[in-house]
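Heads up: the structure comes next, in C-alpha cells.
The values are calculated or read from the model by the stated rules, or taken from the named source; none is laboratory data. Because the structure is a prediction, the values reported are computed rather than measured. Counting neighbours? That spans all protein chains shown, and the Cβs are built from the backbone with ideal geometry, glycine included. Calculation scope for accessible area: heavy atoms of the full protein, side chains included, ligands and nucleic acids excluded. Shrake-Rupley method; radii C 1.70, N 1.55, O 1.52, S 1.80 Å.
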Amino acid sequence: EFAAFAAAVAKVALERKPADVQGLLALPLPTGGTIDDKRREMVARIGENISVRRFVRVDAEGTLAHYLHGTRIGTLVAIEGGNADLARDLAMHVAASNPRYNSTADIPADIVTKERSFLTEQAAGENKPAEIIAKMVEGRLRKSLGELTLAGQPFVKDPDTSVEKLLKGANARVIRFERLEVGAGIEKKQDDFVAEVMAQAQASARKPDGTAH
C-alpha cells in the first residue's frame, strides 16, 4: 500500500507539475482527497510516520534516460546529442559515482575558495618556492574540483576515459541530471533535531536568572 501511494504521488507530480512539495501535497488523488489527506489517513491506520519529502521533475527536448539501482537509488539524465544508450550509461554512472555538479563552472564560488584555502594551507609546509606552491595548489584544485563533477569523473564503464571525453566523442552534452537516494538528507535532519533537543535541555536546566539548577 505504501509503494502504491508513492507511485500515485509520483504520477501526480509528473502530470500536474507542482512547484514544490507543499503544492504537491495539496493536489488531489484520482481515488479522492488530496495527497496530504491520504498521507494522514495512512499514518493513522498504519501507525508509521509517512511524509512526502522531495521530488524532481526533468523535462528534456533531447534524450532523457533513467536508471534504478534496486530500490535505493534512482537517477535521471537529460542529454543533447548522443543517443539513448549513452544517456542510460550516464544515468548508471551518476548512480554509481554520485557527482555533485555537472561541470566545474557549476561549482559555487565559496566552495572553490574554501578548497583553494585548504590546499594552500596543506602545501605551505612543503618548503618550496611560492610560485611553485601556487602552481601545485592550482593543479590540485583542478583535480579535486573535477572529482566533484560529472564531466571530470572517470567513466564508470571505462575508468581510463573521463565523462567529458566520452561526451566529446559522442558530440553530446549533459543538460541536467538528478540523483535521489533513499535516506539522503535525513541524517542532517536528525543532527538538527538532536541539537535542538540538547539546546532545550540546557535551557530547562537553567533558572530564570540564568544560573543552573
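Details
Conditions (1) basic (Lys, Arg); (2) within 30 Å of residue 83 (Cα to Cα); (3) more than 27 Å from the chain's Cα centre (by Cα), marked per residue:
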{"residue": "15", "(1), (2), (3)": "no, yes, no"}
{"residue": "23", "(1), (2), (3)": "no, no, no"}
{"residue": "28", "(1), (2), (3)": "no, no, yes"}
{"residue": "31", "(1), (2), (3)": "no, no, yes"}
{"residue": "46", "(1), (2), (3)": "no, no, yes"}
{"residue": "51", "(1), (2), (3)": "no, no, no"}
{"residue": "59", "(1), (2), (3)": "no, yes, no"}
{"residue": "69", "(1), (2), (3)": "no, yes, no"}
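- Filter result (open to solvent by 50 Å² or more (accessible area, probe 1.4 Å), in contact (Cβ under 8 Å) with a residue 40 or more places away in the chain and not acidic (Asp, Glu)) within the stretch 1-50: 2, 10, 14, 17, 46
- Residue match in the stretch 71-79 (condition: open to solvent by 40 Å² or more (accessible area, probe 1.4 Å), within 30 Å of residue 148 (Cβ to Cβ), touching a strand residue (DSSP E or B) at 6+ places or on another chain (Cβ under 7 Å) and modelled with pLDDT under 95): yes
- Positions within the stretch 116-131 being exposed (fewer than 13 other Cβ atoms within 10 Å of the Cβ) and either under 19 Å from residue 153 (Cα atoms) or aliphatic (A, V, I, L, M) (or both), in sequence order: 124, 130
- Of the candidates 134, 84, the single residue that is modelled with pLDDT of 90 or more, open to solvent by 20 Å² or more (accessible area, probe 1.4 Å) and not basic (Lys, Arg) is 84.
- Output for the stretch 163-203, where each listed residue is at pLDDT below 95 and open to solvent by less than 50 Å² (accessible area, probe 1.4 Å): 183, 184, 185
- Residues of the stretch 54-90 classified as among the β-branched types (Val, Ile, Thr) and at positive phi, total: 0
- Filtered residues of the stretch 137-153 (kept if open to solvent by less than 80 Å² (accessible area, probe 1.4 Å) and either over 20 Å from residue 80 (Cα atoms) or of a type in the set (A, V, I, L, M, F, W, C) (or both)): 137, 138, 139, 141, 144, 145, 146, 148, 150, 151
- Neighbours by Cβ (under 7 Å, 6+ apart or cross-chain): first from the stretch 100-129, of a type in the set (D, E, K, R); second assigned to a loop (DSSP other than H, G, I, E, B): 100/148
- The single condition among (1) assigned to a helix (DSSP H, G or I); (2) buried (at least 16 other Cβ atoms within 10 Å of the Cβ); (3) of a type outside the set (Lys, Arg) that residue 113 does not satisfy is (2).
- So residue 94, is it modelled with pLDDT of 95 or more and outside any loop (DSSP other than H, G, I, E, B): yes
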